[in-house]
Amino acid sequence: MRWLFVVAGAAILAVVAAVIIVLPSGDPEPVAVRSAAPKPSSTEPTPAVSEFTDPCGTFDTDKKAPYAVTGYWITPKSNPCTWRKQLQEIHSVGGDTIIRIGYGLQFRTVNDAGEILKDGTVDSLYEPCEEDGLSCHDAAVQDLREANPDNRVGRVYVYRTDELFGQDLFRCPAMEHAVEVGKRTYYRLITQPDGSDDATCDFSSKARSYDLILVAGSNQGKDSLTQLLDLGDQFGMRVFPALPLAPRDSKAKIRAEKRHLGTLTTLTRRILQDYGVRFAGRDSLGGVYQPFEVQMSATLATNPTLEVYADQHTIVEQELGKPILISPYLDARKRVAFGQTPKQVAEGFKALVKTGVGIIAPQDSRGTGKVGLFWPDERDNEVDERLRSMVGESTYDTAYHGSTRDYYREMAAAREEMIDQGYHVELWANVEAFEPSGEQPCAPTGTRGKTDKKRLDQAVTMAGRYVQKIVSYMWSDFMTCGDPSLETEISRDWQRPIAVDAIRRPRDIQDGVEVRGYNLKDGTVTITWSGGTKEMVVSAVGWLDEDPIEEELPVGMATAWVPFDWAQVPAGEWVQIGVKLPSGQATTEPLHVRISTQAAGTEGAN
């Protein structure tokens with residue numbers, strides 16, 4: 001993975017500026033990707049050993065079928081052996097990054113007995129929490145009143161997790177502590193409502209209203225995040241644990257509730273202080289994941305959720321010095337009032353960058369049917385039948401403001417603009433490994449169904465040119481659902497080439513084409529136009545760079561060049577470019593490009 005956060009030198013920019021990019025008709029010129037930081041000496045951690053054994057069994061740490069997608073979301077599991085099995089499976093298909101789904105901070109009320117309620121009844125998760133015969137809420141009230149008779153608990157919050165925190169979670173140990181009950185450890189935090197988290201721990205000189213945060217954690221031996229990081233060390237992977245999810249606005253669930261941001265800030269600070277002590281120097285801790293999703297839109301700057309992003313970024317910077325990863329979603333549908341154009345999404349991207357997040361991994365939204373995968377010359381084609389549950393029977397042009405490729409191109413351009421302004425951010429692609437619906441739903445709830453590797457290859461093709469890394473939501477259940485599962489399809493077909501980009505580029509005195517993509521070694525570049533088809537074996541007539549270092553490219557992406565006389569292609573004609581291997585495996589999604597009729601090496605491609 002490219003861990004890049006500093007703007008590259010002028011020499012690299014000069015090289016990239018000379019490149020003529022192949023552009024679709026009517027689309028603005030994409031920004032040539034340029035490096036935002038020097039290349040690291042190692043792009044990902046190295047597995048600790050080739051094989052290790054623990055109570056869950058013996059696990060192989062070799063990569064057997066490295067695919068273009070190199071990161072996946074996983075959900076918390078009570079059985080630690082499940083995680084070991086999942087990480088082995090993910091690493092086997094080239095995964096080097098784990099993003100963990102987390103839990104949310106919730107505002108709650110209590111009854112007269114001080115018991116925490118959920119939907120009007122006592123919440124069984126927090127009911128066991130007692131101290132000296134009192135509920136944990138009433139015990140906190142008693143301790144506060146002993147410090148000052150007029151102190152009180154104004155608001156109550158709960159947060160559940162499977163983690164086991166250390167003493168650095170507490171700011172004021174005289175008032176805050178852990179309560180162990182059976183399989184749970186409850187952490188009692190007493191905080192200021194405004195999020196200031198006063199370090200003086202003075203509860204007596206002035207009467208105040210405090211917030212009580214009751215965290216239901218684990219008491220099952222080893223901390224779950226420690227287990228994940230240990231596995232990350234074993235497999236050479238980076239882990240992004242989730243930050244606490246902000247309480248949602250009761251009137252607009254897609255927004256965070258501003259009244260609770262101070263308490264959320266305090267809880268986030270405490271957890272990251274604990275991480276900073278317990279996980280200092282852990283390379284497997286790649287950063288943290290912000291789980292509150294927002295839609296990429298031109299009006300995103302006015303969304304109060306961005307205050308959550310900004311506050312939590314500041315804390316992460318102070319306590320960890322690692323990036324926040326967010327994964328907003330796209331909606332390109334024309335028939336809904338909130339559908340956004342690529343330009344509007346680019347404005348949303350800029351607003352997100354200004355909050356200080358380090359990695360933005362927009363959902364490609366093909367799995368939910370909110371964006372389509374199509375080329376500019378396919379706008380009048382009927383949509384994929386798997387999308388009809390979302391957009392009906394229509395053409396792509398009728399259904400969507402643009403294609404996935406249009407949106408990632410505009411976000412890549414916005415990223416370059418923000419880097420020029422001094423911001424440090426990476427653009428990843430979160431390709432959704434599911435369909436809007438299916439005969440066999442893959443998730444425990446809902447109708448989302450299995451997709452196939454051909455469609456996933458198509459998603460990689462559309463986004464791969466513009467991003468620094470490709471990740472996918474999510475491993476289970478979408479990658480392991482069905483027969484054969486998507487995981488099995490990848491394991492069988494991982495060597496198939498995927499082309500993501502074609503650039504008209506001369507070499508010496510020869511006109512030619514440079515192709516970027518995966519699994520290009522021993523490949524034959526195939527160019528099809530009205531004049532016929534030409535096949536060129538890269539090893540015989542061109543060159544291959546399996547590890548390009550001059551630009552930011554996802555892990556595993558290579559570049560191949562072959563000679564081709566573009567003058568033989570009629571002006572304005574669409575050309576299809578693919579790659580095939582001696583095994584017969586060929587790109588399932590050829591590139592659709594057209595170029596300027598000007599001489600090679602000149603500006604003005606369109």
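The values are calculated or read from the model by the stated rules, or taken from the named source; none is laboratory data. Quick caveat, the model's predicted, so the values are computed rather than measured. Neighbour counts run over all protein chains shown; Cβ positions are idealised from the backbone, glycine included. Keep in mind that these areas ignore ligands, DNA and RNA; they rest on the heavy atoms of the full protein, side chains included. Shrake-Rupley method; radii C 1.70, N 1.55, O 1.52, S 1.80 Å.
Remarks
- Maximal additional length on extending the Thr109-Gln220 stretch stands at 37.1 nm, based on 0.36 nm per residue less the C-alpha distance.
- Pairwise centroid distance, computed over Cα atoms, of the range 358-373 with the range 173-239, Å: 34
- Residue separation of Ala280 and Arg507 scaled by 0.36 nm, minus their Cα-Cα distance, works out to 76.9 nm of gained length.
- Of Thr97, Thr588, the order by accessible heavy-atom surface (1.4 Å probe, DNA, RNA and ligands excluded), from most exposed downward, is Thr588, Thr97.
- Between the C-alpha center of the range 50-117 and that of the range 410-489 there is a gap of 18 Å.
- FRET efficiency estimate (nearest 0.05) - Cβ-Cβ, Asp132 to Asp202, R0 30 angstrom: 0.80
- With a Förster radius of 22 Å applied to the C-beta separation of Thr488 and Thr75, the computed FRET efficiency comes to 0.60.
- Equivalent-ellipsoid semi-axes for the range 347-446 (Cα gyration tensor, √(5λ), whole Å, largest first): 29, 18, 9.
- In this calculation the C-beta distance from Ala174 to Phe52 is compared with R0 = 51 Å, giving a FRET efficiency of 0.75.
- The base-10 log of I(q)/I(0) for the range 93-134, evaluated at q = 0.17, 0.32 Å⁻¹, reads -0.59, -1.17 [Debye formula, identical scatterers on Cα atoms, solvent excluded].
- Å² per residue, accessible surface of the range 440-507 at 1.4 Å: 34
- Shown here are the Rg and Dmax of the Cα trace of the range 195-265, at 17.9, 53 Å.
- From its DSSP helices (H runs of at least four residues, each -39,500 (n - 2.57)), the chain gives a residue-normalised ellipticity at 222 nm of -7000 deg cm²/dmol.
- Solvent-accessible area, 1.4 Å probe, carbon plus sulfur percent, for the chain: 47
- Label-point separation, Val336 to Glu317 (7 Å along Cα→Cβ), nm: 3.3
- Rg over Rh for the range 137-182 works out to 0.99, using Cα positions for both radii and the Kirkwood form for Rh.
- A quarter of the convex hull surface defined by the alpha-carbon atoms of the chain gives 28.9 nm² as the mean projection.
- Taking the DSSP bridge list for the chain and keeping only pairs wholly inside it, about 65 percent are antiparallel.
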